[in-house]
Amino acid sequence: MLCFSLYAASRATTQAYRPLLEPFGLTYPQYLVLVLLWECDGRAVSDLGQNLELDSGTLSPLLRRMTDAGILIRARSADDERVVVVSLTERGRALRADLAHVPGCIAAGARLTRERADELIDTLHRFTADMHASADATPAADFTSGSPRAAAATATEREHA
């Protein structure tokens, strides 16, 4: 079933990152925050949450731990004090060089060529977008037809596709 394959792949990925990040005192979600900030420093917390698909209840403690570790700074925006902006410290910027080997190690461990990695990334982006669109549209449409069984059958058919 697709759900088990996705779950297993996600867990295996997280486990593969663990020994690479532990020497730096980082978790996989913290690494993902760093990757986003290395791409564009000074992001709003809401932007990070949207990109990581994490709610504020999950993201705020993660950012607090990174702030306590001296990796990033959180500050209110000068333009809109309702917005909290997250920026890298010198230590956070230095981690980019320290962790430069990580993507290559993961790709090698997964036996991915650059071409296969690009194809997989494209497939996963399309899959994610399709799942978001399906989640937004399907439940109301299926359950308003008056048949929860039909909705479950449709979901099962999609899962086995």
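The values are calculated or read from the model by the stated rules, or taken from the named source; none is laboratory data. This is a predicted model, so every value here is computed, not measured. Methodologically, a virtual Cβ is constructed for each residue, glycine included, from the backbone with ideal geometry; neighbour enumeration extends over all protein chains shown.
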Tell me which residues, restricted to segment 1-27, are crowded, with 16+ Cβ neighbours inside 10 Å, in a helix (DSSP H, G or I) and not hydrophobic (A, V, I, L, M, F, W, C).
17
Just to be sure, is residue 131 in contact with a strand residue (DSSP E or B) (Cβ under 7 Å, 6 or more places away or on another chain) and either assigned to a helix (DSSP H, G or I) or exposed (fewer than 14 other Cβ atoms within 10 Å of the Cβ) (or both)?
no
Look through segment 30-43, keep the residues that are touching a residue at least 24 places away in the same chain (Cβ under 8 Å) and surrounded by fewer than 16 Cβ atoms within 10 Å (Cβ to Cβ), and return whichever of them is farthest from residue 100 (Cα to Cα).
42
Could you check residue 56 against (1) more than 15 Å from the chain's Cα centre (by Cα); (2) more than 27 Å from residue 105 (Cα to Cα) and say which number it fails?
(1)
Would you confirm whether any residue within segment 58-73 is assigned to a strand (DSSP E or B) and either touching a helix residue (DSSP H, G or I) at 6+ places or on another chain (Cβ under 6 Å) or not aliphatic (A, V, I, L, M) (or both)?
yes
Go through segment 104-116 and give me each residue that's assigned to a helix (DSSP H, G or I) and either aromatic (Phe, Trp, Tyr) or more than 17 Å from residue 22 (Cβ to Cβ) (or both).
104, 107, 108, 114, 115, 116
Quick one: would you say residue 19 is over 22 Å from residue 86 (Cβ atoms) and modelled with pLDDT of 95 or more?
yes
Residue 70: surrounded by fewer than 13 Cβ atoms within 10 Å (Cβ to Cβ), on the phi > 0 side of the Ramachandran plot and touching a Lys or Arg at 6+ places or on another chain (Cβ under 8 Å), yes or no?
yes
